[in-house]
Amino acid sequence: MHKIGIGSRIGKLTVEEPTRQRRAGYMVWKCRCDCGGAILADTRTLQRQSLRDCGCVTVTGPGQRDVTGQRFGMLTALASTEERGRKGSVMWRCRCDCGTEILADLGELTNGNRKSCGCMSHPPRKEFEGRRFGRLTVTAYAGKKAGMHRWRCVCDCGKETIVGQTLLQSGKTRSCGCLQAMTYRDNLKLMEGTSVTMLQAVKGGRLIKSNTSGYNGVYYDRRRKRWVAQITFQGKTKYLGSFRELKDAVKARRTGEEIYDEFLERVGGTGSAEDDSKEGGVRKES
């Protein structure tokens, strides 16, 4: 910080003479503005250059920060005002890059919480009518909800849906939901209401997540102290019996899986993968 003395220039101010006043231990100086006005300012305020005129250009008071001309995101600070924010911070008149002028809290500007007049967080409405986004064709504007413009669309499958403008523009939504459903069905290879993919995985020895016995369709009944075998096919579960020995329950389950083999053969699927280890004729997951 430069030394303050008679003749020092800070913005439009010229230091004329010291006074007997002190502010927080700092000398208070009498200053003359280029407009002819006079103002008192302490040494620290002048050294920080937070006061640069008598108030003829800005109304920034002594000790207040002058951000005239500084940019904060899309906002350019034009001048301070006499208004104060909720926490007592100076309200600045700012111009946004979109052309809109607003009053913004200096604290929010400097901490990065305010970067535009609002246009950046709430995009303007686009002209989407007639445009295609994936399988969707926009037919009409559907209004604004929760800060987002929404558009009425018709999907290639014939279903009508309403989608947010941002979701269309970003490509996150490309159908009424049928595209995802089609992909899901393709992955599962659904035939006659049954997933060929899942049956093949079971025949290959893949265990379902809830299994604790090491064999699909086999669990231990603690109340009866017996091993139970069952099988589920096309939404129906069939009881295959209960056994004292695990290997007997596994054998029953393996016999029941013949229904899977018949189905896979009929629809052109494949049977089980080559077994690495077996017990009772069924592959055990290692």
**OP:** Determine the alpha carbon to alpha carbon distance for each of Lys172/Lys203; Lys3/Lys115; Lys115/Lys172 and list only those over 29 Å.
**Re:** Lys172/Lys203; Lys3/Lys115
Original post:
Using mean Cβ contacts within 10 Å as the protection proxy, how do 8-16, 34-42 order, highest first?
Top reply: 8-16, 34-42
**OP:** Would you tally the net charge around Leu40, using a Cβ to Cβ cut-off of less than 14 Å, leaving Leu40 out, and scoring K and R as +1, D and E as -1?
**Re:** +2
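Read-outs: derived from the displayed coordinates by stated rules, not from any lab. All figures in this text were calculated on a predicted structure; none of them were measured in a lab. Every residue, glycine as well, gets a Cβ built from its backbone with ideal geometry; the counts of neighbours run over all protein chains shown.
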